[in-house]
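The values are calculated or read from the model by the stated rules, or taken from the named source; none is laboratory data. Since this is a predicted model, take the numbers as computed values, not measurements. Don't worry about glycine lacking a Cβ; one is built from the backbone with ideal geometry, like all the others, and counts go over all protein chains shown.
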Amino acid sequence: MPTTRTVEKWAAQVRAGNIRAISRAVSAIENRSPEAESLLRELFPYTGRACRVGVTGAPGTGKSTLVDKLAACYRLQNKSVGIIAIDPSSPFSGGAILGDRIRMQGHASDEGIFIRSMATRGYLGGLAQATGDTALLLDAAGKDMILIETVGVGQGEVEIVRLADCTVVVLVPGLGDDVQSLKAGLMEIADIFVINKAEREGAEKLEEQTRAVLQLVPERDGWRCPVVRTVATESRGIDELASQIERFRQHLCEAKDRSAKALAYWKDWLLRLLERRAVERVLAKGMSEAEFDLIVEQVAARKKDPYSAVSEILGRSGS
């Protein structure tokens, strides 16, 4: 375990925006190293200033290009930017299939932007388990805007709403039944809709359909979800998108139930952390990994039902 002085020095380097210190910290978070929690404890009092923007939508909508251009827009406004790009996990190494080395190369020499690709490592909902901690880290590092690009898994990709202050849902014309793309979770979580690749045929129809569906959705806290057209490859509509994000941020600041939302956010965070800690402690105290795997095999072979298996595991741990 690192000493208190070592962690304090590391935290100071992160707060100063030292790229190597931040990169090392993100790696520690992803690897769930013991020093990561000590570092985050040290940094937590310096968080709460950044605006977290989630960018989600189906694969092929151009989320990466949109994030790239949005980051460039913020840099022109002299805002520092952190980008967390969530990628599918490699089935062999567990790492991100698409790494930050091949993403957004135009920002490689810009010290005002920190870009990190993270693997989902099997975590559902379009996010990596370490995403929230990394967002806290970048907040403490002084980033004004934190852009979180989810993996792109479709309608089930709604976990981002738990983490982001503003959720941008990206659509494109021509991906099949446009109305179907507006169903369920994505419609409910969007704060802003973006119709990207708007130069394509069908963009106007998709916008009309989106606005029509929005008429059926009640306003949330007085906010009517806007629809922005963009052509990210040509940087068209990016300024308007940035403007709408700022409008939503101001709306949040003026919302009557702002404190209630903050309490709900941290309640959810604590429950998730408790859940993870409880699982870790139960397994660490109750049995070895080999014993746990044996129970898994018994359940898979229908020799034991999962409910009895969980009761046995809890019984072994004394819980």
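Points to keep in mind about this one:
- Here ARG302 meets the list (1) modelled with pLDDT of 90 or more; (2) charged (D, E, K, R); (3) within 23 Å of the chain's Cα centre (by Cα) almost entirely, failing just condition (3).
- Considering (1) closer than 25 Å to ALA71 by Cα; (2) modelled with pLDDT of 90 or more; (3) not polar (S, T, N, Q), the lone condition that ILE189 does not fulfil carries the number (2).
- You will find that of SER311, SER235, SER317, the residue that is among the polar types (S, T, N, Q) and under 24 Å from ALA203 (Cα atoms) is SER235 and no other.
- A search for C-beta distances below 9 Å between a residue of the range 294-319 that is surrounded by 13 or more Cβ atoms within 10 Å (Cβ to Cβ) and any residue that is among the basic types (Lys, Arg), counting only pairs 6+ apart in sequence or on different chains, returns ILE295/LYS304; GLN298/LYS304; GLU312/LYS304; ARG316/LYS285; SER317/ARG281; SER317/LYS285.
- From ALA72, ALA12, ALA58, ALA16, residue being surrounded by fewer than 20 Cβ atoms within 10 Å (Cβ to Cβ), over 18 Å from the mean Cα position of the chain (by Cα) and assigned by TED's automatic domain parsing to the domain that holds ALA232: ALA72
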